[in-house]
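Some notes on the structure that comes next.
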Amino acid sequence: MPSSASRPRRPAPTESPASPADATPTDGVEPEDAGRPETGRPEAGQSEGGQSADAPKRSSRAGRNLPVAIGVGLAMGAVALTALLTVRQTWIGILAVTAVIGTWELFGALHRGAGIRLSRVPVLIGGQAMIWLAWPFGTEGILGALLVTVLGCFLWRMRLGAGGYVRDVGASMLVLCWIPLCMAFATMLVVPTDGAARVLTFLIVVICSDTGGYAAGALLGKHPMAPKISPKKSWEGLVGSIVLGSAGACLSVAFLLDDRWWYGLIIGPLLVATAVTGDLVESLIKRDLGIKDMGSVLPGHGGLMERLDSLVTSAPMAWLLLLVLVPVHG
């Protein structure tokens, strides 16, 4: 796969503005949580020497249309909340749809950025199988669907010959495990009778992590955490994520799951770690491919994966932690 360093950067004036977690200028550098001063780095429409006269005015430090982004985020949250508080099985349908969109976005990004030929049909069908089979069959259903899908990817790619076989199959495995496999554990969260509360706890902690990281990074961030991956992610932002994420976890465990509040001091930091990891993984992939956003389906955010990155990687950890620490109520 060609590296991002060897590919020329092309301006992308039609791409959507980045989110606070992923404010990415068109020069391929990917600031994430507004945790580092922006002095000295060109924005979209600028030269290295400074702003152009006709550069559009930014809506926020993160470089996105903040009111639109907030509105889209609230609408997505309202859909999830309505599903969980009415017929909680509807959550599986939401996961299935978002998995298809996120997978398709990643397919397109890998093909555009690196010319990778993925096993699209097996990954899409197998991904849906993992998500839907998780409800009646649990982890056995997920594992069975995964094994069949892996074999299908091997066979599907054979028809194109040997050239790039390892690269293409490996990328298909990345997509399969990153999106539908992790999202299948979000299905597992909702299976118990108190599944709606478990899913809400998971969502609240990750959202608190993202919010705390953005706020602390924007206000206090001075020390970059991963400058070669995401220059705006700061240690101050990470502390903000841990503090607010842990607070959200303690309150959720106490009031939603009716269990010991201090379990949140375990659940919160671990989910923050997986959420930040997912954010950084997506940034690395975009840097390697030389792209700004995975897609443009969400106004003010970019692609759906810009919103799913931290949630997807946190779902298996949330399922495991709640399974071990919090017995099923009701």
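The values are calculated or read from the model by the stated rules, or taken from the named source; none is laboratory data. Since the model is a prediction, treat every value here as computed from it, not as a measurement. Here the Cβ is made from the backbone with ideal geometry for all residues, glycine too, and neighbour counts use every protein chain on show.
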Problem set entry | Count of residues meeting criterion [in a helix (DSSP H, G or I) and either surrounded by fewer than 17 Cβ atoms within 10 Å (Cβ to Cβ) or in contact with a strand residue (DSSP E or B) (Cβ under 8 Å, 6 or more places away or on another chain) (or both)] in region 217-238 | 6
Exercise. Can you tell which of Val272, Val253 is buried (at least 24 other Cβ atoms within 10 Å of the Cβ), within 19 Å of the chain's Cα centre (by Cα), in a helix (DSSP H, G or I) and modelled with pLDDT of 95 or more?
Worked result: Val272
Exercise. Are there any helices (runs of 4 or more DSSP H) wholly within region 107-215 with 1 or more residues that are over 30 Å from Cys250 (Cβ atoms), and if so which?
Worked result: 120-158, 165-176
Problem set entry | Tally, over region 82-103, of residues that are in a helix (DSSP H, G or I) and touching a residue at least 40 places away in the same chain (Cβ under 8 Å) | 10
Problem set entry | Hits in region 121-152 (condition: surrounded by 13 or more Cβ atoms within 10 Å (Cβ to Cβ) and more than 30 Å from Pro192 (Cα to Cα)) | Gly152
Exercise. Looking at Leu118, is it surrounded by 15 or more Cβ atoms within 10 Å (Cβ to Cβ), at pLDDT 95 or above, touching a helix residue (DSSP H, G or I) at 6+ places or on another chain (Cβ under 9 Å) and aliphatic (A, V, I, L, M)?
Worked result: no
Exercise. Residues of region 78-89 being among the polar types (S, T, N, Q) and more than 13 Å from Met188 (Cα to Cα), which ones?
Worked result: Thr82, Thr86
Problem set entry | Pairs with Cβ under 9 Å, 6+ apart, first in region 253-281 and basic (Lys, Arg), second part of a helix (DSSP H, G or I) and surrounded by fewer than 18 Cβ atoms within 10 Å (Cβ to Cβ) | Arg260/Ala254; Arg260/Leu325
Exercise. In region 184-200, is there at least one residue being of a type in the set (Val, Ile, Thr) and farther than 18 Å from Ala145 by Cβ?
Worked result: yes
For this session: Output the residue which, of all residues in region 153-200 that are β-branched (Val, Ile, Thr) and within 25 Å of the chain's Cα centre (by Cα), is surrounded by the fewest Cβ atoms within 10 Å (Cβ to Cβ).
Result: Val191
For this session: Only residues that are closer than 30 Å to Thr139 by Cβ and surrounded by fewer than 22 Cβ atoms within 10 Å (Cβ to Cβ): list them for region 204-216, please.
Result: Ile204, Ile207
